[in-house]
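Taken together, the values in this text are just the output of simple stated rules run on the coordinates, not laboratory data. Everything numeric in this text was worked out from a predicted model, so none of it was measured. We place every Cβ from the backbone using ideal geometry, glycine too, and count neighbours over all the protein chains shown.
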């Protein structure tokens, strides 16, 4: 859930679509043993792959949450999530090459000004 908390914290001034929250509940599992940066990259990639799936109301009280977005909005979300996954990969590569300032700038570009540069 660390990936989701980071995404929601850094974008708290923007409306996080409820569909993304529901998807995160189903796609993220505890016990992750990898690194934070790979968790974030994988989170975005998984959401991009599954945004067109049907996502039922987690409370079971109404229609599928995924019905709130039409095909065009889902396609746009898929593009943005895929791009976020790619941007995370770029940040990971910067860090792997020892370019830490560039890596932090890439993460900030992805998450916004709340993401620290130190």
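Computed extension gain for residue 86 through residue 57, at 0.36 nm per residue and net of the alpha carbon distance, reaches 7.5 nm. The order of 74, 114, going from fewest to most other C-beta atoms within 10 Å of their C-beta, is 114, 74.
First measure r as the distance between the Cβ atoms of residue 27 and residue 114, then evaluate 1/(1 + (r/R0)^6) with R0 = 25 Å and state the FRET efficiency to the nearest 0.05.
The pair residue 27/residue 114 has a calculated efficiency of 0.60.
A simple packing score, the average count of other Cβ atoms within 10 Å per residue, orders the peptides 85-92, 59-66 as 85-92, 59-66, with the highest score first.
Approximating the spin labels as points 7 Å out from Cα along Cα→Cβ, the residue 72-to-residue 101 distance works out to 4.4 nm.
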